[in-house]
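What follows is one structure encoded as structure tokens, with my remarks underneath.
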Amino acid sequence: MVRDKFSTSGGEEFNNIFNPKLPTRVVEAGESTDPKPYFWLPKSKTSTEYITPYVISQLQDQFSGMARQIMVLTENIQRLRYELHNRVQATSLQINNLDDSLDVLLPISLIVEENEEEVLVRWPEVRASGLGGSLPEALQNIKYDIRDIYLDLNSREPNTLGSIAIQTLNTLKTYIKIRHG
């Protein structure tokens, strides 16, 4: 008897969900329940489905594809962890003094970028920076740079300066003045 349902020897019936056009048969008591080339696949505790080798092949391909995706995701996670670990850490701080020859009128906000090897301190508004193996060394270097830029621009005639130099000098004069006395 050929039909779209399959019965076990216990009389349970279930649908052939993978290919309803495949011939199925009712298994009589005492007959073999292994219809080759099909394989049994439990549908629930009380019924059983069978699948073809083609379906098994398709499932294996899907699992292989998922395994490849998992490997790619794992590699991406490892790369991101490495990049995060080696990422430059940026913070900010303010300084209130430069050296004995200059007074700081307003606190100067600096950007500090650190990695495992070096520290870079920047004051972008005046294009000053200091690099060092430690924060104190980088701070000392930027203070020298700020002082040198200020003294250089302040010593020139204003009509000899370009627009960027004038803007930089005006910013510096907002924050710094020469100490008298």
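The values are calculated or read from the model by the stated rules, or taken from the named source; none is laboratory data. Just so it is clear, the structure is predicted and the values come from calculations on it, not from any experiment. So basically every Cβ, Gly included, is an ideal-geometry build from the backbone, and we count neighbours across all protein chains shown.
Just to be sure before I move on: is Asn154 modelled with pLDDT under 95, farther than 21 Å from Asn86 by Cβ and part of a helix (DSSP H, G or I) in the structure I sent? So Asn154 passes the test. Only residues that are under 21 Å from Leu131 (Cβ atoms) and loosely packed, with under 11 Cβ neighbours inside 10 Å were counted across the range 145-181, and they come to 0. Of all residue pairs spaced 6 or more apart or on separate chains, none has beta-carbon atoms under 7 Å together with a first member in the range 152-173 that is touching a residue at least 60 places away in the same chain (Cβ under 8 Å) and a second member that is surrounded by fewer than 13 Cβ atoms within 10 Å (Cβ to Cβ). Listed conditions (1) surrounded by fewer than 14 Cβ atoms within 10 Å (Cβ to Cβ); (2) on the phi < 0 side of the Ramachandran plot; (3) of a type in the set (Lys, Arg) are all met by Arg127, apart from (2).
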